[in-house]
Each structure stands twice: as structure tokens, then as C-alpha cells.
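To start, the structure under review is shown below, and the notes come after it.
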Amino acid sequence: MPPGARRTANNLPPESDLFRFPGAVRRDPAVEAWFARGDGLRGFALPWFERMRGCGEDVRELMHDGCPTACVEDAAFAYVGAFTSHVNVGFFRGAEIADPGGLLEGTGKFMRHVKLRPGSDFDAAALTQLIETAYADMKERVRLENAYTSRSSQPGARPLVADLNRWQKSP
């Protein structure tokens, strides 16, 4: 880390921080229980969460802020939330992923979501692509952070900050 740079909890540059959940597991009983309740639009959200689960062997899950959340290892990449009249399929780094279908909503620094309403048309293929893109994006971010932290722990190793910054700026 360059002299004078602000340190973060995981000793990475602030622009590379990921939302980490060390308690994420392959199948969380709390997530299963959330879907099993069957109230609201949880059944409408389930196929989208199943798509998240199916992205790779490294997908883990947990409940966060009352929503089933999918992680690459322990780094959150997406979630579903069921409300009275709609379902949100959200992305923790949604502001930084490609959205050729123009589905993403929101104005936050990082997060974006897709709002689904039963009976309304939406582009399921584009949403599937967003889930896959968010997963691939987070997988690469985790890889870079892991490389950075393992390399920076070696005596005399040069940090990979340039790689992390380049990833942050890539389309």
C-alpha cells in the first residue's frame, strides 16, 4: 500500500473492498426456511435465486437484511427480496456491470436491482445474463483480492494495486 494511503479492515485499497460474509455456507437452512414460508412473492423469487446458486461450485449463501444473499466464496454478488407487489433481484456491484438490456434500477454507489412484478413482461434472458455477469465479475474481484492479500503477505512483494485499480476501471 502506498505511503499515506488509507487502510481498510482487510488491508486493501478502499476502492477494492468487497462486501464479505465469512458465515456464508453452501446451503443455508435460514434461506431454505425463508422460501418455505411461501408468503408474499417468495415463490416468484425462488427461480432467480436458484440461478444464482447454479452459477458455480464456489457459490455460498446466507440471509442478510432479511434477504437471501448469494456469494462467491464469502463475497456477496446478488440477492433476492420479496415485497408486497414486487420482487427485487439485486446486485451488490450492479453499478459496475454491463446491463445491455437496461434492466437495472437504482442510483447507489455500488448496488442496483431489477424490479419484477407478477404479470408484467420482463426480459428473462437479460436477467439471467445479469446474474451470470455479476457472478463472473465478483469471481474475478475475489481472485484479484486473494492474489493481492497472499502476495502482500510475502516479504518484499510488490502490491498488486495496479491490477486492482485496472479491474475497477474495466468495462
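Table for the structure above
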read-out: Subset of the range 75-99 [assigned to a loop (DSSP other than H, G, I, E, B) and not acidic (Asp, Glu)]; value: 83, 84, 85, 86, 92, 93, 97, 98
read-out: Cβ pairs under 6 Å, 6+ apart, first in the range 117-137 and acidic (Asp, Glu), second open to solvent by 40 Å² or more (accessible area, probe 1.4 Å); value: 123/101
read-out: Residue match in the range 31-38 (condition: modelled with pLDDT under 95 and assigned to a loop (DSSP other than H, G, I, E, B)); value: yes
read-out: Search result, residues across the range 100-134 that are outside any loop (DSSP other than H, G, I, E, B) and either open to solvent by 80 Å² or more (accessible area, probe 1.4 Å) or basic (Lys, Arg) (or both); value: 112, 115, 129, 132
read-out: When residues of the range 145-168 are limited to those that are of a type in the set (A, V, I, L, M) and surrounded by fewer than 18 Cβ atoms within 10 Å (Cβ to Cβ), the one modelled with the highest pLDDT; value: 147
read-out: The range 27-79, subset closer than 22 Å to residue 139 by Cα and of a type in the set (Asp, Glu), residue surrounded by the most Cβ atoms within 10 Å (Cβ to Cβ); value: 61
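The values are calculated or read from the model by the stated rules, or taken from the named source; none is laboratory data. All figures in this text were calculated on a predicted structure; none of them were measured in a lab. Please note: Cβ atoms are built from the backbone with ideal geometry, for glycine as well, and neighbour counts cover all protein chains shown. Heads up: the accessible areas ignore ligands, DNA and RNA and are worked out on the full protein's heavy atoms, side chains in. Shrake-Rupley method; radii C 1.70, N 1.55, O 1.52, S 1.80 Å.
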